[in-house]
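What follows draws every value from the coordinates through simple rules; no lab data is involved. Here the structure is a predicted model, which means the values were calculated and not measured. We place every Cβ from the backbone using ideal geometry, glycine too, and count neighbours over all the protein chains shown.
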Amino acid sequence: MTEAANGQNQKMPVLKILSQTVKTGIIRSNLIPMFAGLTLSLYTYQIGIFEKLPEILLAILGSIFVIGAAGAFNNLYDRDIDAIMKRTQGRPTVTGEIKPRTVLWLGILMAAAGITLLSFTTLLAGFLGFLGLFFYVVPYTMWSKRRTVFNTEIGSISGAMPPLIGWAAMYPDITHPAILGLFVIAVIWQMPHFYSIAIRRHEEYKAAGVPMLPVVKGVRRTYIQTNIYLVVMIGISFLLSSLSIGLMLVSLIMGTGWLVLSIFGYKRMDPEKWAKSMFIYSLIHMTIVFSTVIIYSLMGIIFKL
């Protein structure tokens, strides 16, 4: 690293260092499915927003802290491979702008605060917050990420916890078909999303020794596996019909569109362009599906639909 780069790093504001350490971008993106599960629960059981306002605020704050803790622990443990990959070389945990002990205590305090706040809503929400954090830190970050091509699948369990947490914070029962459908959609969404990133960052993951599916098995295998997951996602969409045919149709249309893009895009584009189109669609898919759930639920609560 050059002296100029060192000088620039030293000028990074404290808030920016903390933001990158706890991964605020990931926090924001995970709050959308969390709020989808939360509002869907309120709508399903016809619970008023103001009736649950304290629990809503606790669920939001608790989720922020738990997700932030997961990001901090991940950054702490992955310092060695982050230093190799170009897109992560500027993280404060790599450049030394924040000490490992500081990151460790930050993660511990945020985890304790987040789980406690979620537990004040319901004990189930607190347990799910702990479970999501545990799966992300231990089975994913500390074990599978460096050892198996199924690391994405293992990590997807924790990544899909936000809608369950949001639902459980309002009503402590996650056996309803609608929330189970939303959870499975959130699980499966992550494979096409992260596979596309791995294809585009193939050389970086290879250099860091991270066994992502496209790196180990190639693009063709990744394409086949992606399509299998998308077919499952389309089928799971029918679980949403237990609440709304409209929600089911939105999920079906978005899932089918993704599968069509995958099949025809793979035939007409080079791997990198195909992966880029899949990545962009994954963001559109998540935004539309979960935003539709939120809007539909809020409309149902307000107008008693």
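Taken one residue at a time, the phi angles of the stretch 104-111 give Karplus couplings (6.51, -1.76, 1.60, θ = phi - 60°) of 4, 5, 4, x, 4, 5, 5, 5 Hz. Gly and Pro are set to x. Using θ = phi - 60° and the Karplus curve 6.51 cos²θ - 1.76 cosθ + 1.60, what whole-Hz ³J(HN,Hα) does each residue of the stretch 83-96 get, with Gly and Pro shown as x? Couplings: 5, 8, 7, 4, 6, 10, 5, x, 5, x, 5, 8, 6, x Hz.
Using the Cβ-Cβ distance between Asp270 and Val232 with R0 = 30 Å, the FRET efficiency computed as 1/(1 + (r/R0)^6) comes to roughly 0.65.
Averaging over all projection directions, the Cα-based convex hull of the stretch 186-305 occupies 7.7 nm² in the image plane. Among the trypsin sites (Lys or Arg not before Pro) within the stretch 140-212, those in coil by DSSP and having at most 13 neighbouring Cβ atoms inside 10 Å are Arg147.
Using Cα springs under 10 Å in a Gaussian network model of the chain, which residue among Ile64, Ile108, Ile199 shows the largest mean-square fluctuation? Looking only at Ile64, Ile108, Ile199, the biggest GNM fluctuation is shown by Ile108. In angstrom, the C-alpha Rg and Dmax of the stretch 7-96 are 17.3, 56. Kirkwood analysis of the stretch 1-153, using all unique Cα-Cα pairs, places the hydrodynamic radius at 16.8 Å. Rg over Rh for the stretch 165-204 works out to 1.25, using Cα positions for both radii and the Kirkwood form for Rh. Legend: residue pairs Lys23/Lys99; Lys99/Lys206; Lys16/Lys206, Cα-Cα distance threshold 19 Å; pairs beyond threshold, Lys99/Lys206; Lys16/Lys206.
Across the stretch 31-46, coupling constants 3J(HN,Hα) worked out from phi with the 6.51/-1.76/1.60 Karplus curve, θ = phi - 60°, read 6, 5, x, 4, 5, 5, x, 4, 5, 5, 5, 4, 5, 4, 9, 6 Hz, and Gly and Pro carry x.
Computed over the stretch 248-305, the P(r) tail beyond 18 angstrom holds 45 percent of alpha carbon pairs. Counting only residues at least eight positions apart within a chain, or on another chain, the aspartates and glutamates with an alpha carbon under 16 Å from that of Lys86 are Asp78, Glu203, Glu204.
At the listed q of 0.13, 0.16, 0.23 Å⁻¹, the Debye profile of the stretch 74-177, built from one uniform point per Cα, gives log10 I(q)/I(0) equal to -0.57, -0.81, -1.18.
Set against the 2.2 N^0.38 Å expectation for a compact globular protein, the chain has a Cα radius of gyration ratio of 1.03.
With the largest listed first and rounded to whole Å, the semi-axes of the equivalent ellipsoid of the stretch 110-240 from the Cα gyration tensor are 29, 20, 8. Magnitude of the charge dipole for the stretch 1-118, about its Cα centre and with charges confined to Cβ atoms of Lys, Arg (+1) and Asp, Glu (-1), is about 260 debye. Projected onto its three principal axes, the C-alpha set of the stretch 119-163 covers 37, 17, 8 Å, listed from the longest axis down.
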